[in-house]
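None of the figures in this text is laboratory data; all of them are computed from the coordinates on show. Every value quoted in this text rests on a predicted model; they were computed, and no experiment measured them. Cβ atoms come from the backbone with ideal geometry, glycine included; neighbour counts cover every protein chain shown.
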Amino acid sequence: MSNTVFTATYDPEADALAIDLEASGPRRSARTEQLDERRFVDYDATGRIVSIELLDVSGGVVFDGLPDAGLVRGVVERLASDQGWAGRP
């Protein structure tokens, strides 16, 4: 997993995972890029990634095209293990 500082929050009711990147302290989102119907990336005003949001996480996650895909994969794999989602991310 990368050395990026982050916090990850999973909402089981919404089946949503938010990964907030804190590489240079808290930053505000200036725009959101929707990669598809289940993956969103928030950027600050300078174009740096602020957060990555994933929906329907228990059904699996497509990592291709995600920024910081290795970090995201590690978070999702840990979550899958904690939640008992066999055979996923």
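Using the Cβ of THR9 as centre and a radius below 12 Å, the other residues enclosed give a net charge of -3, where K and R count +1 and D and E count -1. Across all Cα pairs in the chain, the calculated P(r) in 5 Å bins from zero up to the longest distance comes to 3, 14, 27, 26, 19, 8, 3, 1 percent per bin.
Rounding to the nearest 10 and keeping the result within 0 to 90°, find how far the Cα-based axis of helix 69-83 lies from the longest principal axis of the chain. Roughly 40 degrees between the two axes.
Summarising the amide proton neighbourhood of LEU35: residues at separation of 5 or more, or on other chains, whose placed amide H is nearer than 5 Å comprise PHE40, VAL41.
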